């Protein structure tokens with residue numbers, strides 16, 4: 001990498017089972033998989049808008065803290081595809097679209113209105129490293145949820161609140177940048193993020 005750049009920007013397809021960080025600050029489990037094992041990132045690289053260990057998909061990384069604030073702001077949309085337990089109903093989709101009550105830090109929180117719709121046909125993604133389950137456990141369906149906020153585990157809490165727990169969660173878009181055909185663990189250096 002050239003050393004003359006002021007800041008570095010990357011997009012990554014974060015695989016299942018990885019933490020969206022570079023240092024393991026947990027004391028109980030020290031064998032966590034970290035982003036730094038996927039690519040030789042420059043010093044001071046940070047993840048913007050984390051995905052939890054069980055979630056996958058598009059993640060921005062940068063050395064520019066100002067970009068981090070913009071991406072996490074309420075003006076940038078984040079779209080997620082959630083595979084849920086059962087065949088999701090129109091009523092459940094409408095409830096999530098209007099906003100549902102979830103718990104955040106032990107307090108009740110009403111999510112903001114957002115874009116939600118069934119994904120038909122279901123999207124096709126490569127198998128993840130840990131199998132979700134098979135057909136013997138009943139049907140599943142996919143839903144698209146586009147947010148401008150990002151509370152802790154919000155999409156998972158929203159689908160659970162309407163009776164359809166999330167089995168697999170993939171972020172497919174941030175602003176106008178899409179995950180597209182990137183493979184799990186693939187990293188691309190980009191000139192700008194938004």
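Go through 84, 71, 23 for me and flag whichever is in a loop (DSSP other than H, G, I, E, B) and over 12 Å from the mean Cα position of the chain (by Cα).
Values: 84 fails: in a loop (DSSP other than H, G, I, E, B); 71 fails: in a loop (DSSP other than H, G, I, E, B).
Result: 23 is the single residue among 84, 71, 23 that is in a loop (DSSP other than H, G, I, E, B) and over 12 Å from the mean Cα position of the chain (by Cα).
Among (1) at pLDDT 85 or above; (2) in contact with a helix residue (DSSP H, G or I) (Cβ under 8 Å, 6 or more places away or on another chain); (3) farther than 19 Å from residue 181 by Cα, where does residue 49 come up short?
(1)
Examine the stretch 117-131 for a residue that is surrounded by 14 or more Cβ atoms within 10 Å (Cβ to Cβ), out of contact with any helix residue (DSSP H, G or I) (no Cβ under 7 Å at 6 or more places or on another chain), under 27 Å from residue 9 (Cβ atoms) and in contact (Cβ under 8 Å) with a residue 12 or more places away in the chain, and state whether such a residue exists.
yes
Residue by residue through the stretch 132-144, note down the ones that are free of Cβ contacts under 8 Å to residues at least 60 places away in the same chain, touching a strand residue (DSSP E or B) at 6+ places or on another chain (Cβ under 8 Å) and under 20 Å from residue 158 (Cα atoms).
Result: 132, 140, 141.
With the structure loaded, tell me whether residue 115 is within 19 Å of residue 144 (Cα to Cα) and at pLDDT below 90 or whether it fails that test.
No: the conditions fail for residue 115.
Being more than 22 Å from residue 50 (Cβ to Cβ) and in a helix (DSSP H, G or I) narrows it down to one of 95, 133, 156, so name that one.
Details: 133 fails: in a helix (DSSP H, G or I); 156 fails: more than 22 Å from residue 50 (Cβ to Cβ).
None of the other options fit; the residue is 95.
For the stretch 165-187, indicate whether the set of residues that are surrounded by 19 or more Cβ atoms within 10 Å (Cβ to Cβ) and assigned to a loop (DSSP other than H, G, I, E, B) is non-empty.
Yes: the stretch 165-187 contains one or more residues that are surrounded by 19 or more Cβ atoms within 10 Å (Cβ to Cβ) and assigned to a loop (DSSP other than H, G, I, E, B).
The values are calculated or read from the model by the stated rules, or taken from the named source; none is laboratory data. As the structure is a prediction and not an experimental result, all values here were calculated from the model. Don't worry about glycine lacking a Cβ; one is built from the backbone with ideal geometry, like all the others, and counts go over all protein chains shown.
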